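Scroll down for the structure; my scribbles are underneath it.
The values are calculated or read from the model by the stated rules, or taken from the named source; none is laboratory data. Bear in mind that the values here come from a model prediction, so they are computed numbers and not experimental data. Counting neighbours? That spans all protein chains shown, and the Cβs are built from the backbone with ideal geometry, glycine included.
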């Protein structure tokens, strides 16, 4: 009995040591980023390194705003992420309601069309899409990124899966009470589907925020750039300003980390449910 | 006769109600479907047509049939890109699976600070790629970087013999594989956690009664029970590895966004052919190759899912 206990404790300590090492691997780059962002260029690579700089150089965080239009980049990205997420939520849940709860001609065929394209990588049609958008005069506009991101098959699929789980009787009862379909969607389905909406929100927001190739193709004017391609432009221009690069990187990370930490529960649930259902 | 007379109007009414319902349903679908059709379906069909054309966007279009595809077979750059993509995939898939599964098993145990560790392992996944790639490049810088300085201080191996990481031809692919596994392990860990929580605890109890130790339980309960999860994770990892672009650009490319032979990948080749060489037709032929590769993997997934139930 005692022996087994001791073995249990040793195992537990082993697990903790392993976890701490793994957590360090995950976190050290972030710590290094934060630490370097408060250093002079010449101190960034000193070895053995000082994790906490002797005299933190807060000036870096002031200088970056003057070197690049970081504020504009963050504004652009926030604007795009918010609009795309809003459109995605509204149009996906709207379409999903019809697919899950209404009987009509062509339902299965239409839904199959959606499903079939979920697996098709965007990269296979990004070239013709660019040609079309250019012909529409959308090159170098934010509207291009919005059109590109806001109508995904994934959103419709995710919301439909959730609505299928809502009992039909609920809709029937509401119809008898005189609500029309739009009313049922707004007053019953939307409030019920908060978990699915939260999952879709965080997926869409993080995806749009971190998107790289789309903005790289469409947004070549500086004042239109998002934080990702703007930060990359800055890193290439000032490649030896290590402290400033790290400070700008920290600033670029903060918004999405806040969103993640506040909606974490839904994110994890979302990944898990998508994973299970395939 | 009389029943017919009785039914006729109600049938008509029913038909009208049905038509109205269909109209309402379409109004629900339209906002999403119109955007989806214009910006996804049409370009997708357009891509197939474009792969048979030669066009730079300005000069007249010429139809070249399968010439673009024949040219692909002889294109050394394209073959190199395909090769690098496959090597990258072969490295990323097993490494990510092992890390994600190990982490999930550790974090499925009843331990203190479990939520903290889960959150921490998810951090790299949500973090902005451009920012974390910049940190990696600094940390793995061959001579100045803390990683090689650390290795040098502890092992005494001189810098010239230490790995050159992203800066060297031989180590570049290994570096990007490590980076990808680091960044995405947290995501797949969550999928594995869900899989682990779906395993019936009675299976472990039964194994214990049979005298199984931890390793036996892992091998004869956990691994087979997680088979569907592993299958799904493998498929997702393969498809995501085929589509890789931004990680390579941010780790390896300079200000001109160009990649060398050692690091060029499929999507980079498509991007470059279309937007730098302005050869839309040839780029689309390359895109069709990506499409077919992903399609094959997806078909394997469908068959596998049917078999697994």
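Conditions tested, residue by residue: (1) in the same structural domain as residue A:145 (by TED's automatic domain parsing); (2) touching a helix residue (DSSP H, G or I) at 6+ places or on another chain (Cβ under 8 Å); (3) not in a helix (DSSP H, G or I).
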{"position": "A:11", "(1), (2), (3)": "no, no, no"}
{"position": "A:23", "(1), (2), (3)": "no, yes, no"}
{"position": "A:38", "(1), (2), (3)": "no, yes, yes"}
{"position": "A:47", "(1), (2), (3)": "no, yes, yes"}
{"position": "A:50", "(1), (2), (3)": "no, yes, yes"}
{"position": "A:53", "(1), (2), (3)": "no, yes, yes"}
{"position": "A:78", "(1), (2), (3)": "yes, yes, no"}
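For segment A:259-274, give me each residue that is loosely packed, with under 15 Cβ neighbours inside 10 Å and closer than 13 Å to residue B:122 by Cα. Across segment A:259-274, the qualifying residues are A:261, A:265. In segment A:169-176, the count of residues that are without any contact (Cβ under 8 Å) to a residue 24 or more places away in the chain and either crowded, with 20+ Cβ neighbours inside 10 Å or in a loop (DSSP other than H, G, I, E, B) (or both) is zero.
If you check A:272, A:248 for being in contact with a helix residue (DSSP H, G or I) (Cβ under 9 Å, 6 or more places away or on another chain), in a helix (DSSP H, G or I) and free of Cβ contacts under 8 Å to residues at least 60 places away in the same chain, only one passes: A:272. All conditions but one from (1) closer than 13 Å to residue B:138 by Cβ; (2) surrounded by 15 or more Cβ atoms within 10 Å (Cβ to Cβ) apply to residue A:22; the one that does not is (1). None of B:198, B:211 is surrounded by 12 or more Cβ atoms within 10 Å (Cβ to Cβ) and more than 29 Å from residue A:228 (Cβ to Cβ) except B:198. If the condition is being part of a helix (DSSP H, G or I), within 17 Å of residue B:103 (Cβ to Cβ) and over 14 Å from the mean Cα position of the chain (by Cα), then segment B:187-206 contributes B:189, B:190, B:191, B:192, B:193, B:194, B:195, B:196, B:197. Do we find that residue A:225 is touching a residue at least 24 places away in the same chain (Cβ under 8 Å), closer than 25 Å to residue A:148 by Cα, surrounded by 17 or more Cβ atoms within 10 Å (Cβ to Cβ) and more than 17 Å from the chain's Cα centre (by Cα) in this structure? Yes.
Taken residue by residue, segment B:262-275 has at least one member that is over 18 Å from residue B:53 (Cα atoms), part of a helix (DSSP H, G or I), in contact (Cβ under 8 Å) with a residue 24 or more places away in the chain and at the interface with chain A (Cβ under 9 Å from one of its Cβ atoms).
Per-residue answers, yes or no, for (1) in contact (Cβ under 8 Å) with a residue 12 or more places away in the chain; (2) farther than 26 Å from residue B:284 by Cβ; (3) in contact with a helix residue (DSSP H, G or I) (Cβ under 6 Å, 6 or more places away or on another chain); (4) within 12 Å of chain B (Cβ to nearest Cβ):
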| residue | (1), (2), (3), (4) |
| --- | --- |
| A:115 | yes, no, no, yes |
| A:125 | no, no, yes, yes |
| A:128 | no, no, yes, yes |
| A:134 | no, no, no, yes |
| A:149 | yes, no, yes, yes |
| A:153 | yes, no, yes, yes |
| A:167 | no, yes, no, no |
| A:178 | no, yes, no, no |
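Of all residue pairs spaced 6 or more apart or on separate chains, those with beta-carbon atoms under 7 Å, a first member in segment B:45-66 that is in contact (Cβ under 8 Å) with a residue 24 or more places away in the chain and a second member that is surrounded by fewer than 13 Cβ atoms within 10 Å (Cβ to Cβ) and not in a loop (DSSP other than H, G, I, E, B) are B:52/B:63; B:53/B:62; B:53/B:63; B:54/B:62. Do we find that residue A:87 is within 9 Å of chain B (Cβ to nearest Cβ), in contact with a helix residue (DSSP H, G or I) (Cβ under 9 Å, 6 or more places away or on another chain), over 26 Å from residue A:208 (Cα atoms) and assigned to a helix (DSSP H, G or I) in this structure? So residue A:87 fails the test.
Restricting attention to segment A:95-112, the residues that are assigned to a helix (DSSP H, G or I) and either more than 7 Å from chain B (Cβ to nearest Cβ) or over 24 Å from residue A:208 (Cβ atoms) (or both) total 11.
Just to be sure before I move on: is residue B:175 over 23 Å from residue A:36 (Cα atoms), within 14 Å of chain A (Cβ to nearest Cβ) and in a helix (DSSP H, G or I) in the structure I sent? When the stated conditions are applied, residue B:175 does not pass them.
Of the candidates A:202, A:217, A:188, the single residue that is within 13 Å of chain B (Cβ to nearest Cβ), surrounded by fewer than 23 Cβ atoms within 10 Å (Cβ to Cβ) and assigned to a helix (DSSP H, G or I) is A:217.
Has segment B:136-159 got any residue that is within 24 Å of the chain's Cα centre (by Cα), at the interface with another protein chain (Cβ under 10 Å from one of its Cβ atoms) and either at pLDDT 90 or above or over 24 Å from residue A:210 (Cα atoms) (or both)? For segment B:136-159, residues within 24 Å of the chain's Cα centre (by Cα), at the interface with another protein chain (Cβ under 10 Å from one of its Cβ atoms) and either at pLDDT 90 or above or over 24 Å from residue A:210 (Cα atoms) (or both): present.
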